Structure formats: C-alpha cells, structure tokens
1. Looking at Leu603, Leu591, Leu561, Leu573, which one is of a type outside the set (Asp, Glu) and in contact with a Pro (Cβ under 7 Å, 6 or more places away or on another chain)?
2. Can you tell me which of Val742, Val756 is under 30 Å from Ile507 (Cα atoms) and either in a loop (DSSP other than H, G, I, E, B) or touching a helix residue (DSSP H, G or I) at 6+ places or on another chain (Cβ under 6 Å) (or both)?
3. Criterion first (open to solvent by less than 10 Å² (accessible area, probe 1.4 Å), modelled with pLDDT of 90 or more, touching a His at 6+ places or on another chain (Cβ under 7 Å) and within 21 Å of Leu714 (Cβ to Cβ)) does Leu651 satisfy it?
4. Looking at (1) over 27 Å from Phe428 (Cα atoms); (2) touching a residue at least 60 places away in the same chain (Cβ under 8 Å), which one does Thr123 not meet, given that it meets all the others?
5. Has the range 685-696 got any residue that is over 30 Å from Ser759 (Cβ atoms), open to solvent by less than 40 Å² (accessible area, probe 1.4 Å), of a type in the set (S, T, N, Q) and under 26 Å from the mean Cα position of the chain (by Cα)?
6. Only one of Gly43, Gly16 is modelled with pLDDT under 95, in contact with a strand residue (DSSP E or B) (Cβ under 9 Å, 6 or more places away or on another chain) and either buried (at least 20 other Cβ atoms within 10 Å of the Cβ) or of a type outside the set (A, V, I, L, M) (or both). Can you tell me which?
7. Within the range 357-432, which helices (runs of 4 or more DSSP H) (wholly inside it) include 2 or more residues that are under 30 Å from Ala461 (Cβ atoms) and either out of contact with any helix residue (DSSP H, G or I) (no Cβ under 6 Å at 6 or more places or on another chain) or of a type outside the set (A, V, I, L, M, F, W, C) (or both)?
8. Please determine whether any residue of the range 204-213 is crowded, with 23+ Cβ neighbours inside 10 Å, under 30 Å from Asp504 (Cβ atoms) and modelled with pLDDT of 95 or more.
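The values are calculated or read from the model by the stated rules, or taken from the named source; none is laboratory data. Since we're looking at a predicted model, the values are computed, not measured. Counting neighbours? That spans all protein chains shown, and the Cβs are built from the backbone with ideal geometry, glycine included. Each accessible area value is taken on the protein alone, full model and side chains, heavy atoms only, with ligands, DNA and RNA left out. Shrake-Rupley method; radii C 1.70, N 1.55, O 1.52, S 1.80 Å.
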Amino acid sequence: MLTSNPLAARWFKEQGWQAFKFQRDVWRAIEQGRSGLLHATTGSGKTYAVWLGALIRSAKLHQTPALAMPLAPNGPPESRLQVLWLTPMRALAADTTRALQRPLPAWQSQLPGFAVGQRTGDTPSVERARQNRRLPAALVTTPESLSLLLAREHAARELGAVHTVIVDEWHELIGNKRGVQVQLALARLRRFNPGLVVWGLSATLGNLSEAMATLVGSAAHGGSLDAVLVQGRTPKALVIDTLLPQDPGRFSWGGHLGAQMCKPVVAEIEGSGTSLVFTNTRSQAEIWYQLLLQERPDWAGLVALHHGSLDRNVRDWVETGLKEGRLKAVVATSSLDLGVDFLPVERVLQIGSAKGVARVLQRAGRSGHAPGRASRITLVPTNTLELVEAAAARRAVLAGEVEARSSPEKPLDVLVQHLVTVALGGGFTADEGTGKAAAQPDSPALPGARELLAELRTTFAYRHLSDAEFDWALAFVAQGGDSLAAYPEYHRLQVVDGLWRVPDRQIARRHRLQIGTIVSDASLAVKWLGGGRTLGHIEEGFIARLNKGDCFVFAGRVLELVHVRDMTALVRLATKARGAVPAWSGGKLPLSSELAASVQRVLDDAHHGRLEGPEMRAAGPMLRAQQRLSQLPQRGRVLVERLQSREGHHLFLYPFAGRQVHTGLAQLLAWRLTQQTPNTFSLSVNDYGLEILAAKPLDLDAALTAGWFASDQLLGDVLASLNSGQLAQRRFREIARIAGLVFSGFPGAPKSMRQVQASSSLFFEVFRKYDPQNQLLAQAQDEVLSQELELSRLDLTLRRLRGLPLDVVTLQAASPFALPLMVERLREQLSTEKLKDRLDRLLAASEAALMDPPPRLPRTPRAPRRRAQSGKT
C-alpha cells in the first residue's frame with residue numbers, strides 16, 4: 001500500500017516542506033479511487049493535499065489507459081479534460097490556477113502536456129474560443145460555468161474523461177442553491193464516468209458527515225460507501241483578541257461606538273505590516289474606508305476598498321497589491337473571505353460582530369495563511385453588547401462549536417433549470433407512457449424520464465424527490481404546466497428520436513445566458529462622465545431614489561449623479577464632503593444559534609458575578625446597569641421586561657434566537673395578542689430579543705394562559721400573522737428567474753428591475769389564479785418560512801420558551817438591553833436630529849433611574865487597553 005507518493009514527496013522536499021499525515025492520507029485515498037471530504041485549518045496545505053492526489057491519479061490512469069474511461073476517447077488522455085476544480089468565487093480562480101500550475105514542471109515526465117486553465121464569467125472570449133477547440137487537462141471553474149459546459153451539445157464526449165472533481169470551500173456552497181447546482185452537475189459527471197472521484201475542501205463545518213454525504217452522493221451510486229473523511233489536525237496558533245473602547249458606557253445601541261473606534265483601528269493598522277479590515281456589509285465597508293482616509297489622508301493609495309459591487313479591474317488591482325505587499329490595509333466584505341492566499345497579511349480586524357463562529361474562523365485564516373504561521377483576528381465592537389459577543393465568540397471557537405450547514409431540500413426551480421441544461425447537453429432518454437398527463441385534454445400523455453429521475457435521486461438534495469414532483473417539473477418545461485400550455489415559448493422540451501431535447505435555438509440561447517442560481521436585483525453600471533472607466537455596479541433601486549445633482553458614496557469616493565442613461569449612472573467627483581451611503585439588499589447578518597448559545601452562557605456567568613476576560617470587564621458598567629434597572633438574562637430562564645412610557649405599553653422579550661427568528665416571533669406574538677383583545681402594535685427586533693409596543697395595556701398572564709408560546713398550530717398562525725402573500729411574491733421573483741420564466745435580458749441590453757419584477761409578479765398572479773397547484777408557488781411559500789423566518793428554529797424557540805420560567809421585571813426606565821430595541825424602531829420613524837433628541841431624553845431617564853437601586857454585580861477593576869486571548873485550534 002502506498003505510504004507516500006515519491007514524486008509528490010520529492011516536490012514537497014524541493015519546496016522546503018514536509019508533508020503532513022493528512023496530506024499523505026488524501027494522496028493515498030485519491031489514488032485508490034475514493035472520494036471524500038478534507039476538513040483542515042485554513043492555511044494548512046489543503047490545496048496541495050487534493051491537487052497532488054489528482055495528479056497522482058492522472059498519472060496512474062495515463063499509464064493504464066484502460067482504467068481511464070468507459071467512453072471511447074478522442075485522442076490520448078492528456079488531450080482531454082480530466083480534472084475539474086470548482087471554486088465558489090471567480091476572484092479565487094486566478095489565484096487557484098497559479099497555485100495548481102506550480103508543481104506541474106515536476107510532473108511533465110509522467111504527464112506530458114498536462115496544463116491547467118480557467119473558465120469563469122471573467123474569462124476573455126479569445127481564451128473561451130481556444131478552450132472550445134480543446135479543453136485543458138485541468139480546469140478551474142465555477143458552478144455556473146460547469147453547468148454551461150454540461151449544456152453543450154457534446155457534453156458527454158467533452159466531459160466524459162473527467163476522473164476527479166475538487167470542490168473548494170464546500171462550506172460556502174452546501175447551504176444554498178449553488179450547492180444544489182453542484183450536486184446535480186456531479187451526478188451528471190458520474191453518469192458519464194461512474195468511477196468519478198469527488199473531494200471537498202473546508203475549514204469551517206460543524207456537520208462533517210452530512211457535508212460529505214451531500215457532496216459525494218448516495219451509497220446506491222457507489223459514492224458514500226467508499227468515501228473517507230480526512231481531518232487535518234495541524235498545530236496552528238489562533239489569536240482572537242478585542243480592541244477595547246476607551247469608554248464603552250452603560251448604555252449602547254447599534255453603531256454607538258463606531259466613530260470612537262476609528263482612532264484605535266488606525267493605531268492597530270499603523271503597527272502592523274498589511275491588514276485586512278472586514279465588515280459585514282458593503283455599506284459598512286464604504287463608510288469605514290472613508291473614516292480611515294479622513295483620519296489618515298496620507299494613506300491615500302496605501303488603503304484600498306474591496307467588495308463585490310466594484311469593477312473587476314478595481315478588485316484585481318487591490319488583490320495584486322495585497323499579494324505584493326504594496327498596500328497598508330484593505331477594507332473588505334466577504335469578497336475576500338475565501339481562500340485567496342495573501343501571504344503579506346499579518347492582521348485581520350473584524351468591524352462589528354462576525355455573527356457566526358465559522359465566519360470568525362474563516363476571516364482569521366486570511367492572516368498567517370501558510371502552515372506554521374499564526375492567524376490573528378482582532379474584533380472591533382461597534383456597540384457595548386458586541387463586547388459580550390466577542391467574548392462569546394472566542395469561547396465558542398476554542399470549544400469547537402462551529403455552525404452546521406445543510407443542503408436545501410429538492411428546490412424545484414433548480415430542477416427545472418437542470419432539466420433544460422441536460423436536454424441541451426445531448427438530451428436524456430424519454431420513456432413512453434410513464435409521465436404526467438398532458439396539459440391539453442386531447443393530447444397524449446407525456447413520456448417520462450425514469451433514467452434521469454434515478455440519477456437525480458443519487459443527489460442528497462433530491463434523494464426524496466417523488467415521481468409526482470419529477471413528472472410535474474418535466475411537464476412544466478415541456479408544456480408550461482396547466483396555465484402556460486397555450487404559449488409556445490414555454491414549450492422548452494420535445495422528444496426527438498427518443499430523447500428529450502431543446503428544439504428551439506432562441507430558447508437554447510436564452511437558457512445558456514441565464515444559467516445559474518445567483519439572483520440579485522438589477523444593477524446599474526457606475527461610470528465617469530465623458531466616456532471614462534467603470535467604477536462598478538450599484539442597485540437600481542438606490543439610484544432611483546436619487547435626483548440629478550445628489551451625492552452618494554461609492555468605490556471609496558463621494559460622487560455626484562449627473563444623469564442615468566441605458567442602465568448606466570454617469571457621475572463625477574462631488575465637491576461636497578458627504579453623500580448618501582448605498583444600502584444593498586441582504587444587509588444584516590443574523591446571530592447564529594451556536595454564537596447565541598455562547599452569548600447566553602457568558603451572560604449567565606456575569607449574572608453569577610463572573611466577569612471573565614477583558615471584554616466582559618470592559619462591558620461591566622453596562623452589565624451592572626442592566627442588573628440595577630432589571631436583571632441579566634440567565635440560562636434556563638427567560639427575561640421579560642415591561643415599561644410604560646408616553647409612547648404606550650412596551651413589552652421586551654429576550655429569547656436570543658437571532659434577528660430572523662425574532663422577526664417572525666414578534667409578528668406571531670402580536671397577532672395572538674390581537675386575537676384576545678384588539679390593539680395597535682409597533683414591533684422591533686434585534687439578535688437578542690424583541691419589543692412589542694402597544695397602544696393599550698397588555699395582559700401577559702391572559703396571553704400565557706391562552707397559549708402565547710404554543711407551537712401546535714404554528715404554521716397556520718404564522719401565515720395568518722404575516723403578509724405571507726407579499727413575502728412569497730417577493731421570493732417568487734428569484735424562483736421565476738432560476739426556473740427560466742423571466743429573462744433578465746441579453747448582454748448589453750439588460751432589463752430593468754421594474755421590468756423583471758413586473759414579469760415575475762404577472763406569473764405569480766397567473767399561477768395563483770389559474771394554476772394554484774403550481775409547485776413553484778408552494779416552493780416560494782416554503783422558502784419564506786424556512787429561510788426568511790426559519791420556521792424550524794422558530795418552532796424550537798417557542799418550545800423552549802414554553803418550558804422555561806419567566807422573569808418578569810417592571811422597568812422605571814429603559815434598560816441597557818431594552819434601549820437598542822427602542823432605537824431600532826425609532827430609527828425607522830425619526831430623522832437623525834429628532835432621533836438624537838429622543839435618545840437624549842431616554843438616556844436621561846435611564847441614568848436617573850440608576851441612582852437608587854444598589855448594584856448586584858461585584859465591581860471589577862477598570863479593564864486594561866487590551867488583553868489578547870489565544871489558543872490552539
């Protein structure tokens with residue numbers, strides 16, 4: 001049995017490296033033809049573990065061509081595509097390609113002519129044309145580009161020799177529809193070559209067995225029976241510390257400490273080589289880039305901005321500057337989260353709470369991104385409660401409490417798209433007399449496709465796909481379902497010579513242009529006036545709210561809108577120092593269950609007088625104020641606060657279930673209260689709790705007696721309490737575009753957001769009125785419940801609340817935990833000036849109420865400026 005491949009070991013030695021055991025384990029498994037998942041620390045050498053394994057397998061198959069492919073090859077094996085490397089981000093493709101090319105010279109004797117190419121949405125047309133004539137032996141690509149390859153007429157012949165697929169950053173894909181798209185593509189490739197080997201890479205997954213099963217497919221297809229989970233346990237120091245504010249204060253709210261933290265952040269950057277400053281949103285990135293340059297104008301050209309809305313050329317310039325060590329700092333979003341190798345980066349700073357344990361680990365790994373180097377992340381709180389989250393995050397990381405991520409269950413919009421893709425890629429077998437009845441009464445029954453159905457069921461996402469669901473999807477793409485049968489453009493598939501095919505060239509072209517599951521609002525290009533270069537893209541909805549001459553912040557500049565023409569916003573530099581900050585969709589990240597549980601444990605320790613760590617000592621004044629005015633939340637109990645003010649009757653509830661769950665919970669609880677007594681409510685939520693503000697007094701005892709926290713009628717009550725129709729219609733926009741009902745336009749002539757929304761809304765209403773059993777409507781409602789409201793987590797929260805004792809406290813003034821909820825609500829109602837006046841009054845009342853009750857928490861010494869906490873993971 002192979003212990004270490006001589007060629008791989010020799011190449012490692014030439015680099016001055018020594019292979020870890022997990023790398024040798026992966027080489028052995030891949031050579032044996034086994035699939036698996038490699039879970040190892042960021043920067044520990046995962047890339048070369050799987051890549052050299054793929055080269056070993058390629059060399060073995062090259063030496064024994066009879067093992068290589070059941071299909072007849074066109075030429076020797078090295079002239080055909082053999083290895084696919086899937087990356088979730090186009091930004092990773094170039095960096096990954098360079099890393100994969102590095103060991104190739106050492107393998108030329110065994111793999112002559114073996115080359116690595118890349119194919120993404122950024123690949124120039126000249127390179128695409130070259131690849132159309134002859135694909136390289138290995139290809140770095142994205143899920144969308146792989147689906148495009150599968151939609152080519154001779155996909156089986158061009159992809160049939162692929163023997164190994166590597167899915168990088170699997171944790172980034174598994175939980176969304178792009179991951180489902182990958183599962184479907186792997187099933188098709190396995191159909192072409194049953195000996196396909198598939199490996200996934202990740203550093204931040206909590207449910208490893210499920211993640212591996214999702215990747216490699218069902219045991220019935222020869223996948224998971226032979227799959228192996230390899231965990232790379234390499235010693236790597238991880239330092240998680242917190243930048244403590246000089247004056248955290250006793251009361252805080254969202255963004256309260258932001259400006260105060262700018263000087264300390266500048267000082268940290270000053271004392272380091274190259275730093276990455278992560279934010280959770282693009283808006284926040286734009287703001288912090290401006291703050292840093294206002295504080296240090298001399299850093300112009302040394303500090304850069306990076307997020308997904310900036311032009312590709314801008315992002316390339318930033319990434320190159322990072323790799324070459326020319327930049328002092330880069331303010332970035334998740335666009336730099338993933339495995340790009342920036343060796344010069346010494347420090348990572350996270351502005352605000354990361355909201356998840358995996359995100360802390362992922363971003364920390366951007367520093368010290370090499371075996372043996374320490375990773376360090378410094379958390380920068382923007383309000384005092386985030387000091388508590390920082391302490392909780394470090395505790396969760398050291399305990400290994402990483403979030404689990406699961407695949408969506410049989411999304412039919414992705415299935416509909418895939419059926420058309422497979423029909424374009426050579427077609428799939430039609431079975432006479434096994435399908436759904438035709439939409440037109442006088443037409444014969446549609447042929448089925450049981451062979452393809454069996455293939456689909458080998459994927460984790462569609463393992464429970466029923467015959468009826470598959471037949472509906474096939475009938476929908478073949479005849480448009482019950483409501484679109486009269487329109488030829490929705491008859492996308494026909495049986496030709498025993499195969500389901502796409503006979504219409506226009507339908508084929510539109511489908512290929514819109515393959516993929518990434519759906520975003522329509523955006524406008526932002527260009528300099530006078531034919532200048534493109535700065536990036538911004539959502540159409542934001543620009544629509546601006547008038548000519550208005551100023552806004554984008555790409556690190558304050559810009560003046562000159563006019564909008566042909567989906568392009570023409571701009572010039574503004575003379576004003578300030579402008580509106582764009583708000584992109586998908587703004588706030590919810591607190592994960594794992595981090596929320598850790599926060600509760602930390603607060604429970606504080607309730608019992610244990611303020612461990614510099615963050616908790618710095619938050620001491622706020623925690624003591626909470627204990628004086630109310631009490632701290634305890635594990636195994638639920639804190640409820642009541643307050644009467646000039647606004648009405650406030651009820652504050654703290655389940656610690658995250659913003660999305662609290663949104664549905666607040667609506668549900670308010671609706672249930674109205675079933676007892678008519679009332680008028682205003683609602684507010686954050687990650688810790690919710691506020692219900694009522695015009696009339698609330699009878700809490702009666703509500704509890706009537707089953708306020710009941711979950712037995714949860715689905716019906718949630719649908720009744722929400723404007724579920726409007727939420728489902730909004731969700732349907734995405735589903736309609738993925739399913740190919742709505743076309744977003746040809747290159748250079750995109751449709752506006754208003755046009756796309758109007759089209760999807762029309763389909764929604766048509767289906768609702770004339771095709772109420774349409775499965776896409778049901779999917780829209782299911783996604784609202786499962787993704788936007790997290791119905792299963794809401795159910796668990798209600799069950800937990802029902803089983804725990806309540807600590808009901810009547811407040812004399814807003815507590816430190818209640819105040820942020822009031823501010824969230826007031827921000828939506830008041831201008832900045834009026835909000836400040838209201839805040840001043842609320843703070844004065846709360847400070848006055850602090851004068852009487854004695855503190856229940858022991859006082860602790862003033863926290864030092866910093867206490868770094870470190871540990872091994």
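1. Leu603
2. Val742
3. When the stated conditions are applied, Leu651 does not pass them.
4. Evaluating Thr123 over (1) over 27 Å from Phe428 (Cα atoms); (2) touching a residue at least 60 places away in the same chain (Cβ under 8 Å) leaves (2) as the failure.
5. Within the range 685-696, one or more residues are over 30 Å from Ser759 (Cβ atoms), open to solvent by less than 40 Å² (accessible area, probe 1.4 Å), of a type in the set (S, T, N, Q) and under 26 Å from the mean Cα position of the chain (by Cα).
6. None of the others qualify; the one that does is Gly43.
7. Of the helices (runs of 4 or more DSSP H) lying wholly inside the range 357-432, those with at least 2 residues that are under 30 Å from Ala461 (Cβ atoms) and either out of contact with any helix residue (DSSP H, G or I) (no Cβ under 6 Å at 6 or more places or on another chain) or of a type outside the set (A, V, I, L, M, F, W, C) (or both) span 357-364, 412-424.
8. no
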